[in-house]
Structure formats: C-alpha cells, structure tokens
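Peer 1: Input: one structure, supplied below.
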C-alpha cells in the first residue's frame, strides 16, 4: 500500500501531514479489536436473557419478544446519533459515547430487575440499544482506511474480535446469575451487570486510544487526493465521488432482510427451549454457539468477499438463512443438538450478509458523507431487528415456533432475487469491489 506522508506541492493547497496509512490502519484495528472483545460481552446479554427476563417479569410468552424490539428499536436511535457524531467529530467520540450510553442502559436493566419496575425495564432496554448499535457500527471504522480490495477482511477483523466476548457472555449466564443472586437481585439480571462493565470499559478504551481517528484521516487523505494527481493517491482513497445507488441498495437489502430473519428466530429460541423443559444453561449454550457462528467465521467470510466478490457471498447469506429456518422448524423440541445446528446456520448466514453488505455499502459511499449515511442505514437494520423481535412472540403464540422458523427462512431467501433486481452490472475482477464498468 502506498503511504502518503509528504506535503502538497507549492502551487497546491496548504501543507498537510498525516501518518502512514498502513501504520494508522494497524493501530486502528488493534484498538477496535480490543474494544470489540469487551463490548461483545455486553451485546450478548440482551440476546441471551432479554426475552427470558421479560417473560419472567411480565408473565407472558407473547411479550417475550418485546425486549428484542425495544433494544433494537433503541439501537435505531443510537445508530442515528452515533452516525451524526462520527460525521461531525470522527469515529472516536461517536463510538465512545455510544458505548457509554449503552453502559447506562445496562445498569438500568439491573436496577429494574432488582426493583420489579417494568417501566424502567422498558426504558433501560431501549437505552441499552445504543450499545448494541455501537458494537455493529464499529465495523465501519475498520473499513475507513482499508484499501478497496481488503475492505471485507478489515470488516471481518473487527467482527471476529466480537466473538470472544459475545461467546463468553452466554456461557457466563449461570455464573453471573449466581453473582446477581448473591447481591439479592434476580439471576437473569446478571448478564446485564456484566454488560454494564463491558460497555463502560469499551468506551474508555476507544475514547483514549483510537488515535488517529480513522474517518477523519480518511477524509484528509481523500481531500489531498482531490487536490493532487489522483493517479498517485493511495489505494485506501479509491472511493467514489458520488454514491453508487445500486450497490448501496443491494448492501442495505442484504443486511436488513438478514437481520429481520435472524432476530425473529433467535429471539424465541430460548423461550421455545425453556417451554420444552430445557434449562437456562442449555439455552445459553445454544445461543453461545449461535453467536460464535455470527462472528467466528468472519476472517474466512472477509476473504471470500474480497476474492470471490460481494454479490456471491450475499446470495449465500439468503440460502444459508433459509436452511437455518428449515432446520429449526424440523428440529425435535427435545433435541439440543438439532436446535444448536439450526442456530449455527442462522449465525453463519447473518455473518455472510453483514460482511458482504457492509463491503457493498462502503464501496458505494464517498468518505465525505460516509458516516452519516452508514448511521441511517443501521437505523434500517435496527428497525428490521425490532420488527423481527416484536413479531416473533406473536407468531409463536399464534402458530408455534416451527411456523416462525419457516417464515423467517422463506423471507431470507428473498435476498437472492433482490440482488438480481438491484445489481446487474458486472464487477471488474474477483479481487476488486463490484463497481460499474
């Protein structure tokens, strides 16, 4: 990668100085990896026990999907706020503040569970959504300084880091529950106590160490490339002058459809398991395997996205999610391995869609407007998750878990025709982002 460390010519704009791009990118990815390990544990709290906590406090299975709807709805507001902060001030303050707010929301859930305050629970779950939104938006920071042919791998590095915390969180359900019980609060509040610490630590880490700010540096480099010979610009600044709308629509559609299907099936799996006599620990194990599949394959997925292309991996997302829905619907209710297999496929399909979709979106956006648009796109992602979470309980009450799984799988398969309709132009070559020829 060519590194721009010099100054502008005498007849050009004022002198500028930037750190080497490769050095800056390595530092950025290192800090993001550490913060994602921490925040992954916070992300897992809502996934693992949110529905169970609501069912316990409200006494209604039909309302079990409400927490997922609340914190994914809250993540929509968080995505807008974090996106605007990043657009104006850079990734560092935006991501740090997002995690700080998520920590406050997690603490509120703990207090609500301890006091039995349902209203506080709803408000706190919504605020907690800011942390979950920030966890996903951090992937964009990994791509800001990456060369186009390495964007898939950069995004996958950030997502991979989430695996450690996100897998550890569900596996610690029993341990954190015992700690919570020792404090005199419900066991299901334990994972949210862990989320409070994890989100707060991630906020401090990003606020102090994410330097240089990747988005601000990307803008500096892009502006410098505009003012000098563009042919000599670093590959990391090979960004479009205007949004590529077909790619933008394709990337958004892949992520939104995949999120809706995944959240709907995942939310009700612990409830379905407990209704058939499985322990909370067994449900935590299944969710841990699901979360591992969401993030652990990221390096391979990123390599496939960069080498085989964004669109084939995006199509594979729809097919894999459809298979997950079918397996979940056909799995015997008393079989933990069968349900685990379905949830692993569900996580893998989501992983394919998120990385390929993120690469498509980043390819399509100029650096000048990237953060604001990415924030708005993640609002659509959050709304899809909220819709999936809110509707999942209603569908299960009306027709059972198999109906929900089949419906989610069928919806996910719609990704394939959507891609065919939105993107018809060929990519340049397997290692390049798919742009118009």
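The values are calculated or read from the model by the stated rules, or taken from the named source; none is laboratory data. These numbers come from a predicted model, not from an experiment. Note that each Cβ is placed from the backbone with ideal geometry, even for glycine, and that neighbours are counted across all protein chains shown.
Peer 1: Scan the stretch 403-423 for residues that are under 24 Å from the mean Cα position of the chain (by Cα), farther than 15 Å from residue 255 by Cα and free of Cβ contacts under 8 Å to residues at least 12 places away in the same chain and jot them down.
Peer 2: None; the set is empty.
Peer 1: Being assigned to a helix (DSSP H, G or I) and more than 30 Å from residue 323 (Cα to Cα) is the filter here; which residues of the stretch 345-374 pass it? Give the steps one after another, and end with the answer.
Peer 2: First, the residues of the stretch 345-374 that are assigned to a helix (DSSP H, G or I): 345-364, 367-374.
Hits for the stretch 345-374 are 367, 368, 369, 370, 371, 372, 373.
Peer 1: On to the next question. Checking residue 48 against (1) over 28 Å from residue 150 (Cβ atoms); (2) at pLDDT 90 or above; (3) under 19 Å from the mean Cα position of the chain (by Cα); (4) crowded, with 24+ Cβ neighbours inside 10 Å, only one condition comes out false. Which one?
Peer 2: Evaluating residue 48 over (1) over 28 Å from residue 150 (Cβ atoms); (2) at pLDDT 90 or above; (3) under 19 Å from the mean Cα position of the chain (by Cα); (4) crowded, with 24+ Cβ neighbours inside 10 Å leaves (2) as the failure.
Peer 1: Hey, among the residues in the stretch 280-308 that are more than 30 Å from residue 172 (Cα to Cα) and either under 17 Å from the mean Cα position of the chain (by Cα) or buried (at least 23 other Cβ atoms within 10 Å of the Cβ) (or both), which one's modelled with the lowest pLDDT? Spell out how you get there, then give the answer.
Peer 2: Of the residues in the stretch 280-308, the ones more than 30 Å from residue 172 (Cα to Cα) are 303-308.
Narrowing the set further to residues that are either under 17 Å from the mean Cα position of the chain (by Cα) or buried (at least 23 other Cβ atoms within 10 Å of the Cβ) (or both) leaves 305-306.
Details: 305: 94, 306: 91.
Step by step, filter the stretch 280-308, then rank; the result is 306.
Peer 1: Give 79, 119, 114 a once-over and let me know the one that is within 18 Å of residue 203 (Cβ to Cβ) and either in a helix (DSSP H, G or I) or at pLDDT below 95 (or both). Break it down into steps so the answer makes sense when it comes.
Peer 2: Values: 119 fails: within 18 Å of residue 203 (Cβ to Cβ); 114 fails: within 18 Å of residue 203 (Cβ to Cβ).
None of the others qualify; the one that does is 79.
Peer 1: Name the one entry in 97, 104, 85 that is modelled with pLDDT of 80 or more, surrounded by fewer than 19 Cβ atoms within 10 Å (Cβ to Cβ) and under 22 Å from residue 38 (Cβ atoms). Even if it seems obvious, please write down each step before you answer.
Peer 2: Numbers: 97 fails: surrounded by fewer than 19 Cβ atoms within 10 Å (Cβ to Cβ); 85 fails: surrounded by fewer than 19 Cβ atoms within 10 Å (Cβ to Cβ).
After applying the criteria, what remains is 104.
Peer 1: Return yes or no: is residue 382 under 16 Å from residue 257 (Cα atoms) and surrounded by fewer than 17 Cβ atoms within 10 Å (Cβ to Cβ)?
Peer 2: Values: under 16 Å from residue 257 (Cα atoms): yes; surrounded by fewer than 17 Cβ atoms within 10 Å (Cβ to Cβ): no.
Judged against the criteria, residue 382 is not a match.
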